[in-house]
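Comments concern the structure below.
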Amino acid sequence: AEDPVLQDRQKPHYVSYPEEVERLGQSLPLRVPPGFKVERLPLEEEFLVCSLDFYRGKLLLGGYDGQLRIADDTDGDGLEDSYRYFGGTLQQVTNLRVYDDQIYTTAPGALYRISDTNGDDVADSYELLSSLWDCSAHQNDFFFGLVRDEAGNLYGANSTPYIYRPDGKPPGYYLRGD
């Protein structure tokens, strides 16, 4: 049976306002430390990127809309200028890490391992690794800092600001799994 977190693989569930993004981008100067160079990728602002990593040499983007997309350089200038569907739909893709050709991603209350088993640049395997922690389903309930140690254990922290323990304190989990 399909995981209940996976939803229809359609367009984002929110509206983008590119003119507002452009206005804010022009009014807020970007400060870059000496020795660093920052270039804005000429990607359409169709979805809000929450996380990214490289997968098989390509930039993989995780979106607030739960979609995973691969960014491509279609004109050969060295900058990714378009993206295409890779996988989803989860909830907000708040973390995205690639280890040993496997994609690990978190959505509120869940940790997944995703893979492209046939090499066609489309995810075809979604494995729910864990959902054994509290999640409020509030838009600000996030999972932070998905990292892996030398032994292969994954670490992360979950915030649940809208659920409280019986003692009145908000729960927070520091998780480790292998």
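Computed values, structure above
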{"quantity": "Under 5 Å, built H, 5+ apart or other chain: amide partners of residue 86", "calculated": "68, 69, 70"}
{"quantity": "3J(HN,Hα) from dihedral phi, segment 121-127, Karplus parametrisation 6.51/-1.76/1.60, rounded to Hz, x for glycine, proline", "calculated": "6, 9, 5, 10, 9, 10, 10"}
{"quantity": "Mean accessible surface per residue for segment 41-158, computed with a 1.4 Å probe while every protein chain stays in place, in Å²", "calculated": "45 Å²"}
{"quantity": "Estimated distance in nm for a label pair at residue 58 and residue 113, the labels positioned 7 Å out from Cα along Cα-to-Cβ", "calculated": "2.2 nm"}
{"quantity": "Estimated FRET transfer efficiency (residue 167, residue 128; beta-carbon r; R0 22 Å; 0.05)", "calculated": "0.15"}
{"quantity": "Potential extension, residue 73-residue 149 segment - 0.36 nm per residue separation minus Cα distance", "calculated": "24.1 nm"}
{"quantity": "Coarse-grained scattering of segment 41-111 at q = 0.16 Å⁻¹, given as base-10 log I(q)/I(0) from a Debye sum over alpha-carbon atoms", "calculated": "-0.51"}
{"quantity": "Interchain or long-range residues, amide H under 5 Å from residue 110's placed H", "calculated": "none"}
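The values are calculated or read from the model by the stated rules, or taken from the named source; none is laboratory data. Predicted model, so just to flag it, every value in this text is computed and none were measured. FYI the Cβ positions are ideal-geometry reconstructions off the backbone, even for glycines, and counts take in every protein chain you see. These area figures cover heavy atoms from the full protein model, side chains too; ligands, DNA and RNA do not enter into them. Shrake-Rupley method; radii C 1.70, N 1.55, O 1.52, S 1.80 Å.
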